[in-house]
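The block underneath contains the structure these notes are about, expressed in structure tokens.
The values are calculated or read from the model by the stated rules, or taken from the named source; none is laboratory data. What you see is a predicted model; the values in this text were computed from it and never measured. Methodologically, a virtual Cβ is constructed for each residue, glycine included, from the backbone with ideal geometry; neighbour enumeration extends over all protein chains shown.
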Amino acid sequence: METLVFQKPSRIKKDCKVTFCPGCDHGVAIRIIAELLDELGIADKTIVVSSIGCSVFLNDYYDLDIVEAPHGRALAVATGVKRAKPDKFVFTYQGDGDFASIGLGESMHALSRGEKVTAICINNTNYGMTGGQMAPTTILGQKTTTTINGRDAEVQGYPIKICEMAAVCDGAAFVARCSLDSSKEIENTKKMIKRAFESQINGLGASVVEILSICPTNWRLSPQESHERVRRELYPVYPLGIYKDKANK
Amino acid sequence: MIKTGEKVLLKGNHALAKAALNAGCKCYFGYPITPQNEIGEYLSVEMPKMGRSFLQAESEVAAINMLLGAAATGTRAMTSSSSLAIALMQEGISYIAADNIPAVVISVMRAGPALGYIFPSQGDYFQTVKGGGNGDYKTLTLAPSTVQEMIDYTYKAFHLAHKYRTIVFLLADGMLGQMMEPAVLYDYPYEDIDNSDWALDGAKGRPGRWIGSIHRTETALEQKTLALFEKYDKIKQNEIEYETMFADDAELLITAFGSVARIAKAAVKRAREAGMKVGLFRPISLWPFPTQELNECAKGKKVVLDIEMNMGQMVEDVKIAVNGESKVEFFGRPAGYYFTPEEIYTQIEKTMEGLK
């Protein structure tokens, strides 16, 4: 007798061609979200807000209702969707530049309003699609195509800490930072996203999951070296953990 | 609550807001700016009572993108703003146009450039009709000239937005927004338009839908824009609207839109009483512009006198329309003072004198 041990989540397109760079973490994040939509039984009522950057191509992968937001405006668009259709499940999928640089205003205000939406923020500490320029999250000393000698606090200032900022918003119900650098952390990330989704389903407020992710192409590292870099260099600056959880106060 | 059909004294911005509610506007997103604040203030009180969503956004940039989100679900929704703040919305306007989704933007013009002041102005004809966002797109634009028309064209704006799945501007100005005059509020006269074949509501029992503007092949991108312009052709065929007064036998034809057209009417009537052959052509749809209609109307005229509360914006479309059928002169002043009928009458006299 055959036993099915592995299959694609129902809302990953059957014929999708993955166009992310080899080793990129986006594919993992996209998959675990799709698994959760199945497990929670909410795919039928989900409206996704895609954003600008590598995250713009969601419709290549998801067989879901998706609206593309202009750069930085994902949480404003999500607000509009949710206010128009309060019974739908709404999440954004954004990069750190989208969420915390050009869109920081929209992000903080949506969180402060307690919009019942979830933001998934892929933080790879650079602008991946445009070729690896400095991002709001680029850590001190990190070399990018616009900080070739490394980010210097005197010149470019300090990196923005998404979860720490999100957690101070009274309307934020669940805020967590996780990573995709190992199978253990992938499992944990899935748990964090699940709790964020549940906080929306339970009407507790806004939720954010910041996912430390790799960009091997622009980091000029192999995928393995990239994941090592996450543990070695990013963990100390961006500690993993739950920063806020209204459900377990 | 006003009884339908009753003639009451109404402020322009309030009339517009009441009409938006009658038109079934379920979501409003906006940010304060004078001279349109009464719209948001009124809706902030009334919409929650009706179980609808009023949201004061953190910026105009956020407001237009909230509108985009609501529009993607097929929900009747709008924003209102003014001039320098409409400037902030231009990226979102381009996206909404490219996305083929229905949205209403109320633009109550104030004086620019930049901060300028809250005086009435028509300085944003270019901003609205020619677009400030990027790429090939058009914004269907309706220009009311009375408080009654604030109601009429708010209704029409919602209707056309959903009929064509496009962004529609109602282009008013501080004078129309702030003035009070008798008007009749009546029931929304248009039928509901089914959006179940495109709106996002969760992909239940059907494939997922995508609303977006990125197309990664030359062919796909070109086809997308060509399809957009096929739609614009239909709008041009069906939705051009204009008004004429004493135009047939006029030697001097005034072109004016919005509140200036209304002031010009008083001057035209007075000129007729004085025996001058003066008429008026008032475009109501600024895009699509009544190009062919104005061309016909301008035939045989000695002069077309375009009057605007700006330094000459619609006059460019007037010249394209007239296309040499008559000479075209421009009379305008930048925002600050609005025209008096006397001022326009004097200009008519001067222009008629020049024809001798």
Problem - Search result, residues across the range A:161-178 that are touching a residue at least 24 places away in the same chain (Cβ under 8 Å) and surrounded by fewer than 16 Cβ atoms within 10 Å (Cβ to Cβ) - result: A:Glu164, A:Asp170
Practice task
Take the residues in the range A:19-53 that are among the polar types (S, T, N, Q) and buried (at least 24 other Cβ atoms within 10 Å of the Cβ), then tell me which one is nearest to B:Glu91 (Cα to Cα).
Solution key: A:Ser51
Practice task
Residue by residue through the range B:16-40, note down the ones that are within 15 Å of B:Ile106 (Cα to Cα), more than 7 Å from chain A (Cβ to nearest Cβ) and not in a loop (DSSP other than H, G, I, E, B).
Solution key: B:Leu16, B:Ala17, B:Lys18, B:Ala19, B:Ala20, B:Leu21, B:Tyr28, B:Gly30, B:Asn37, B:Glu38, B:Ile39, B:Gly40
Completion exercise
The condition of being more than 9 Å from chain B (Cβ to nearest Cβ), crowded, with 22+ Cβ neighbours inside 10 Å, in contact with a Gly (Cβ under 6 Å, 6 or more places away or on another chain) and more than 26 Å from A:Asn188 (Cα to Cα) holds, among A:Gly103, A:Gly72, A:Gly95, only for A:Gly103
Fill in the blank from the handout: By my count, strands (runs of 3 or more DSSP E) wholly in the range B:231-341 with at least 3 residues that are under 30 Å from B:Asp136 (Cα atoms) are B:278-283, B:285-287, B:303-308, B:327-332
Problem - Residues within the range A:75-89 that are at the interface with chain B (Cβ under 7 Å from one of its Cβ atoms) and part of a loop (DSSP other than H, G, I, E, B), tallied - result: 2
Completion exercise
Only unsatisfied item for B:Leu170, checking (1) within 14 Å of another protein chain (Cβ to nearest Cβ); (2) of a type in the set (A, V, I, L, M, F, W, C); (3) within 14 Å of B:Ala17 (Cα to Cα), is (1)
Completion exercise
All-but-one check, A:Lys143 against (1) more than 13 Å from chain B (Cβ to nearest Cβ); (2) in contact (Cβ under 8 Å) with a residue 24 or more places away in the chain, failing number (2)
Problem - Residue among A:Glu115, A:Glu154 that alone is over 15 Å from the mean Cα position of the chain (by Cα), under 23 Å from A:Leu58 (Cβ atoms) and modelled with pLDDT of 95 or more - result: A:Glu115
Practice task
Determine, yes or no, whether B:Leu43 is surrounded by 20 or more Cβ atoms within 10 Å (Cβ to Cβ) and part of a helix (DSSP H, G or I).
Solution key: yes
Fill in the blank from the handout: Taking the range B:57-80 and the residues there that are polar (S, T, N, Q) and in contact with a Phe, Trp or Tyr (Cβ under 7 Å, 6 or more places away or on another chain), the one that is farthest from the other protein chains (Cβ to nearest Cβ) would be B:Thr79
Handout entry: Unique residue being under 23 Å from B:Ala70 (Cβ atoms), outside the structural domain of B:Tyr345 (by TED's automatic domain parsing), hydrophobic (A, V, I, L, M, F, W, C) and free of Cβ contacts under 8 Å to residues at least 40 places away in the same chain when the list is B:Ala203, B:Ala227
Key = B:Ala203
Fill in the blank from the handout: In the range B:83-121, anything part of a loop (DSSP other than H, G, I, E, B), touching a residue at least 60 places away in the same chain (Cβ under 8 Å) and under 29 Å from B:Ile193 (Cβ atoms) is listed as B:Asn100, B:Ile101, B:Pro102
Problem - Residue in the range B:202-228 that is farthest from the other protein chains (Cβ to nearest Cβ), counting only those that are more than 22 Å from A:Ile52 (Cα to Cα), touching a helix residue (DSSP H, G or I) at 6+ places or on another chain (Cβ under 9 Å) and not in a helix (DSSP H, G or I) - result: B:Gly205
Completion exercise
Note on the range B:1-60: residues among the acidic types (Asp, Glu) and over 22 Å from B:Lys156 (Cα atoms) are B:Glu41, B:Glu58, B:Glu60
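So that you can scan it fast, the table gives a plain yes or no per residue for (1) surrounded by fewer than 16 Cβ atoms within 10 Å (Cβ to Cβ); (2) outside any loop (DSSP other than H, G, I, E, B); (3) of a type outside the set (Asp, Glu); (4) in contact with a Leu (Cβ under 8 Å, 6 or more places away or on another chain):
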position	(1), (2), (3), (4)
A:Ser107	no, yes, yes, yes
A:Ser112	no, yes, yes, no
A:Ala119	no, yes, yes, yes
A:Ile122	no, yes, yes, no
A:Thr130	yes, no, yes, no
A:Pro136	no, no, yes, yes
A:Asn149	yes, no, yes, no
A:Val155	yes, yes, yes, no
A:Pro159	no, no, yes, yes
Fill in the blank from the handout: For the range A:56-69, the count of residues that are touching a helix residue (DSSP H, G or I) at 6+ places or on another chain (Cβ under 6 Å) and facing chain B (nearest Cβ under 7 Å) equals 3
Handout entry: Whichever residue in the range B:95-109 is within 12 Å of chain A (Cβ to nearest Cβ) and among the aliphatic types (A, V, I, L, M) and, among such residues, is farthest from B:Glu38 (Cα to Cα)
Key = B:Ala98
Exercise for the section: Could you tell me whether B:Gly12 is of a type outside the set (A, V, I, L, M, F, W, C), in contact (Cβ under 8 Å) with a residue 60 or more places away in the chain and on the phi > 0 side of the Ramachandran plot? Expected result: no
Problem - Single residue of the range B:232-284 satisfying the filter (within 17 Å of B:Glu329 (Cβ to Cβ) and without any contact (Cβ under 8 Å) to a residue 40 or more places away in the chain) that is surrounded by the fewest Cβ atoms within 10 Å (Cβ to Cβ) - result: B:Lys277
